Amino acid sequence: MQTFIGPAQVQLYRAITLKHGLILYSRTRMKPNSAWTPMAMLREAGKITGQAYRRGAYHAAALDLDRWIKENQDAQ
């Protein structure tokens, strides 16, 4: 079991779950939940990574999130 304590850890958790949601949607076109529409996921990924994503760039956003996660996991 892994716990996420504090704002930085919660942001890391959000990035991990968002990455997996983007991968799920890019492979199956199935939304993780009703609030996470494809564009909402891309917008949130952009807020985390600082990149702007166009419609359909789910895999690119997931890769950028993966890179961000690895950088921030090592820092903590």
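The values are calculated or read from the model by the stated rules, or taken from the named source; none is laboratory data. The structure presented is a predicted model; accordingly, all values stated were derived computationally and were not measured. Cβ placement follows ideal geometry from the backbone for every residue including glycine, while neighbour counts extend to all protein chains displayed.
Number of residues in segment 2-25 that are in a loop (DSSP other than H, G, I, E, B) and on the phi < 0 side of the Ramachandran plot: the value is 4. Under the condition of being of a type in the set (D, E, K, R) and in a loop (DSSP other than H, G, I, E, B), the residues counted in segment 26-62 number 4.
Cβ-Cβ contacts under 7 Å between residues 6 or more apart (or on different chains), taken from a first residue in segment 6-26 that is farther than 13 Å from GLU44 by Cβ and of a type outside the set (S, T, N, Q) to a second residue that is in a helix (DSSP H, G or I) and modelled with pLDDT of 95 or more, are listed as LEU12/ILE69; ILE23/ALA62. Residues that are surrounded by 13 or more Cβ atoms within 10 Å (Cβ to Cβ) and basic (Lys, Arg) were ranked within segment 2-32; the one that is farthest from TRP68 (Cα to Cα) is LYS31.
A count restricted to segment 33-76 and to residues that are of a type in the set (A, V, I, L, M), surrounded by 12 or more Cβ atoms within 10 Å (Cβ to Cβ) and more than 14 Å from LYS19 (Cβ to Cβ) stands at 1. Consider ALA45 carefully, then state whether it is out of contact with any helix residue (DSSP H, G or I) (no Cβ under 9 Å at 6 or more places or on another chain) and either modelled with pLDDT of 95 or more or of a type in the set (A, V, I, L, M, F, W, C) (or both). It is false that ALA45 is out of contact with any helix residue (DSSP H, G or I) (no Cβ under 9 Å at 6 or more places or on another chain) and either modelled with pLDDT of 95 or more or of a type in the set (A, V, I, L, M, F, W, C) (or both).
In segment 27-45, the residues that are more than 17 Å from TYR13 (Cα to Cα) form Cβ pairs under 9 Å with partners that are surrounded by fewer than 13 Cβ atoms within 10 Å (Cβ to Cβ) and basic (Lys, Arg), at six or more places apart or across chains, as follows: PRO38/ARG29; PRO38/ARG55; MET39/ARG55.
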